[in-house]
Amino acid sequence: MSFALIVLLTLLISLADLTSAWLFSSDPDHLGIELIRFSREGLMVVLAAWGLRAAHRSGASFMFAVLYAGVIGGYAVLASDDLELRVVIASAAKLSLPIVLVAAGYGSLETPRRLGLYTLILAAIAGASTAFGAWDVGQTQFWTETLQYGHYLNGVKGIISGFDSYYVLPFNFFGYEGERRAGGLVAAPLAQGSMVAIGAMLGFAVLQRKAFWLALGVLLVGMIGVWQSGTRGAMLILLIAVPVFLVLSGRGGTMARNLVMLAALIAGTYQTLQFVYSYSANFEDGSTIGHFEALQRNLEELGDVAIVGPGIGASGSVAADEGLEMAGGGEGSIFAIAYQIGVPGAVIFLCYYAAILRKTLQARRLGGATGDIASAVFALGIGIITTLISSDHIFSLSGMGIFWIVLGGIVAQADRAKAVRP
């Protein structure tokens, strides 16, 4: 039953905004909008609670998760009276998202068969989202007229800033030189890039020993999807994760094949990567300038939160969506933590992240498809470290939710193997 529920949760995560916007366009007060949101959040809580029944076996990772959740809870209780309660709750939920989803995956993907099947489902969703993105990137009127997407984000999700004034779409729907970026099934280019990169990488991992050419096709389709989304953070994740995985999984006679594949991918993508690097390094787009200035401010003001943070809701994507004045520079998930619950809270999260990545290395020893999935999750985890200072990707439910769920499944495999080992 828990496996069926985690698949349902994944579908809700992937399709919630697209479906809700469609309902909104027909009736702004449609009951289905709230039903989708409450079903998704309710499933997360139920599955996380189910996973916690045995999570104590995870040792250090469980200890750091409890400590991190406790700090968030303490700051939430002491939140400023000037902030609306919904902002405090939403901000605390965002900070807690990784540990909640890891717990959900821990309880639902505890067997190799479930983990392998779930990974294939993620690869299929990533492929479908890439196909939809290839269509939607040339259909701006679908978002503006059919779905009235900007009005949905404003009226239902309460996002009041960051919109293009002409199309009434989020700025991130448009990239370098105003080109449209694919929103995909998740209806958000930034989330689309991360979700497709993760799904394609995991799909390649689980298929590459049984059906190499199919696996390669899954990875190439994913690379196209990431490019269509225009998400440089997701491009960087893949750029790091693919070589790391090919090295880690090169057991036996596959190492030579993996090295040839890596050389071919580098040669095939060199010009594209050179173009992206050029306009990013030369500050030819406003986004790069914004990220750089935010990083400068984050580092300059870090001393202000070295011991105690200003409180839940003082930074992060929820505060940004509400148009509130924020502490720090406003970019980077590790800074979003520090500028709410202080540097000690951010350090606890980093310890938690390091502890669960260590579990993936332990799970690699299991071999077979599970070992390859563990290698892919570790490789993705290394790539995702780059986003800690550049974006709030790790707190994106639609973009990164599947990563945390699979990570929870890998931790469960490692703990299960340790428990039965003589």
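The values are calculated or read from the model by the stated rules, or taken from the named source; none is laboratory data. Worth saying up front: this structure is predicted, and the values here are computed from it rather than measured. Backbone-built Cβ (ideal geometry, glycine too); neighbour counts: all protein chains shown. Surface accessibility is based on the protein's heavy atoms, side chains included, excluding ligands, DNA and RNA. Shrake-Rupley method; radii C 1.70, N 1.55, O 1.52, S 1.80 Å.
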With every protein chain kept in place and ligands, DNA and RNA left out, what is the accessible area per residue of region 1-421? Probe 1.4 Å, answer in Å². 43 Å²
Magnitude of the charge dipole, region 1-74, Cβ model with Lys/Arg +1 and Asp/Glu -1, debye to 20: 480 debye
Can you give the charge dipole size of the chain about its Cα centre, rounded to the nearest 20 debye, using +1 on the beta carbon of Lys and Arg and -1 on the beta carbon of Asp and Glu? 2620 debye
At most 13 other Cβ atoms within 10 Å plus a DSSP loop assignment makes a site exposed; report the longest stretch of the chain without any exposed GluC sites (Glu not before Pro). 180-283
How large, in percent, is the carbon and sulfur part of the accessible surface of region 72-214 at a probe radius of 1.4 Å? 60 percent
Pick from LEU31, LEU239, LEU15: which is most flexible by mean-square fluctuation in a GNM of the chain where alpha carbon atoms under 10 Å apart are linked? LEU31
Quick one: with all protein chains in place, what share of the accessible area of region 1-56 is carbon or sulfur, to the nearest percent (1.4 Å probe)? 73 percent
Suppose we look only past 36 Å in the calculated P(r) of the chain. What percent of the Cα-Cα pairs does that tail hold? 22 percent
What is the calculated FRET efficiency for LEU11 to ALA417, with r their C-beta to C-beta distance and R₀ = 25 Å, to the nearest 0.05? 0.25
Give me the extension gain from ILE266 to HIS30: residue separation times 0.36 nm, minus the current Cα-Cα distance, reported in nm with one decimal. 80.1 nm
So how far apart, in nm, are the two label points at LEU216 and HIS151 if each is 7 Å from Cα heading toward Cβ? 4.9 nm
Taking 0.36 nm per residue of separation between TYR166 and SER80 and subtracting their Cα-Cα distance, the length gained on full extension comes to 27.3 nm
Suppose the chain between SER39 and ARG53 were pulled fully straight at 0.36 nm per residue; how much longer would it get relative to their current alpha carbon spacing? 2.9 nm
Which is the longest stretch in the chain that no exposed loop site breaks, taking sites as trypsin sites (Lys or Arg not before Pro) with a DSSP loop state and at most 16 other Cβ atoms within 10 Å? 252-364
Restricting to lysines 8 or more places apart or on different chains, can you count the pairs in the chain with Cα atoms under 29 Å from each other? 5
